[in-house]
Amino acid sequence: MNLFEFADLPKNAQDPETKINRHIAVVTTNADNLNETGFGSNKTCRLICGYIGERFQKVTFHEVTDVSVLHLIIAESPDLVVLCSKYVFDSDQITRIWFSEFFDQHDIAYTGSDRAALEFDSNKSKAKAVLLNSDIATANFFLAHPNQFKTEEQLPLPLPLFIKPLDAANGNGIDQNSLVTDFLAYTDKIAQLFALYGATCLVEEVLPGREFTVAILEGADTQSQQIMPIEIIPPMNEKGDRVLGFAEKRSNEEEIRPVKEPLFSAVSALASTAFKALGARDFGRIDIKLDEAGKPHFLEANLVPGMTPETSYFPRTFSSTMTSNNAAHKAMTEKEIIWRVVELGLMRAKSTTPVSGVPVN
């Protein structure tokens, strides 16, 4: 047998002798200057570190500032690295050091998806192109920069359109002006985002239907998945639109609701298919929206989703409140989610020391 069961984890967290003899390194970075924040703040990542410490004998916390810190982690030779972020900028503030790629190069197991899949998380157009090639529904789109089009007639898609940064997450760059209905509003929003992020923008056709996010957590055999969608209803803004942007997410103004059949199965199936098509593993979140006919369409993937208990969608989807209408799906606490994430990562670890009496590899 090549893995240990989730149920085999020791229950007495107060007794060091019952904890699993593994070194788990929790890795994060200061996200103040990043558009993608991963699991969350330093406080959230330390909370996660505490959860892991209840089950494992050695847990270390590392806030990475540059590649030198990563080499110190390698020197400690942890059994597993829990990646709370995707990358850090090196001391030149230009070069991205992808944590997954770095630890792959040093043969250290880590949680979550590899660099290739995480590229689809960071570049929304790449993800949409892959899914379109797999015949998975997603809104039509194009990439744009300032002064590219001189008139409305030159636009590749008709107005109204939705404009957002290509590689930002957590609602960064999205506000009530993201949904544009005239050419002046279009040019203003493109110019604003280019000034803020210095990159091309993603421009999509507007899908008018309901919006969902779907949390995916693989099972111990990695062939099964626990999939939980929730519906997200942003508040109506001054223009009469419902746009889920940075301000709404930051202030928790949006309403979340459990999803019932037949939509439960429809959005879950699309999310699972998209997750696999992107080469994702372990866990992630897939955002989905319905078109005017009620057909689910892929919006984007978040493969290092927020894990802050009170505010992040991923842990909230698995709460008892959300799973109560779907008896086949087990509610999970934040701790249980993190323990499962660690379990999945350890299944790829090189150590041959038994865990709870069962070898990991």
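The values are calculated or read from the model by the stated rules, or taken from the named source; none is laboratory data. Since the structure is predicted, the reported quantities are computational estimates derived from the model, not experimental observations. Note that each Cβ is placed from the backbone with ideal geometry, even for glycine, and that neighbours are counted across all protein chains shown. We work out accessible area using only protein heavy atoms, side chains counted, and drop any ligands, DNA or RNA first. Shrake-Rupley method; radii C 1.70, N 1.55, O 1.52, S 1.80 Å.
Scanning the stretch 95-117 for residues that are of a type outside the set (Val, Ile, Thr) and in contact with a helix residue (DSSP H, G or I) (Cβ under 6 Å, 6 or more places away or on another chain) turns up Trp98, Ser100, Glu101, Phe102, His106, Ala109, Tyr110, Asp114, Arg115. Considering only residues in the stretch 168-181 that are free of Cβ contacts under 8 Å to residues at least 24 places away in the same chain and open to solvent by 40 Å² or more (accessible area, probe 1.4 Å), the one that is nearest to the chain's Cα centre (by Cα) turns out to be Asn177. Residues in the stretch 264-294 that are in a helix (DSSP H, G or I) and open to solvent by less than 20 Å² (accessible area, probe 1.4 Å) were compared, and the one that is farthest from Gly38 (Cα to Cα) is Phe264.
Yes/no matrix, rows are residues, columns are (1) basic (Lys, Arg); (2) assigned to a helix (DSSP H, G or I); (3) crowded, with 21+ Cβ neighbours inside 10 Å:
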| residue | (1), (2), (3) |
| --- | --- |
| Thr187 | no, yes, no |
| Leu196 | no, yes, no |
| Glu204 | no, no, yes |
| Ala215 | no, no, yes |
| Gln226 | no, no, no |
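Let's see how each residue does on (1) at pLDDT 95 or above; (2) polar (S, T, N, Q):
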site	(1), (2)
Arg316	no, no
Thr321	no, yes
Ala327	no, no
Thr333	no, yes
Val341	yes, no
Leu346	yes, no
Pro354	no, no
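Considering the stretch 108-120, and only residues there that are touching a strand residue (DSSP E or B) at 6+ places or on another chain (Cβ under 6 Å) and open to solvent by less than 10 Å² (accessible area, probe 1.4 Å), the residue that is nearest to Ala277 (Cα to Cα) turns out to be Gly112. Screening the candidates Glu261, Glu300, Glu310 for the property of being modelled with pLDDT under 95, of a type in the set (Asp, Glu) and not in a loop (DSSP other than H, G, I, E, B) yields one hit, Glu300.
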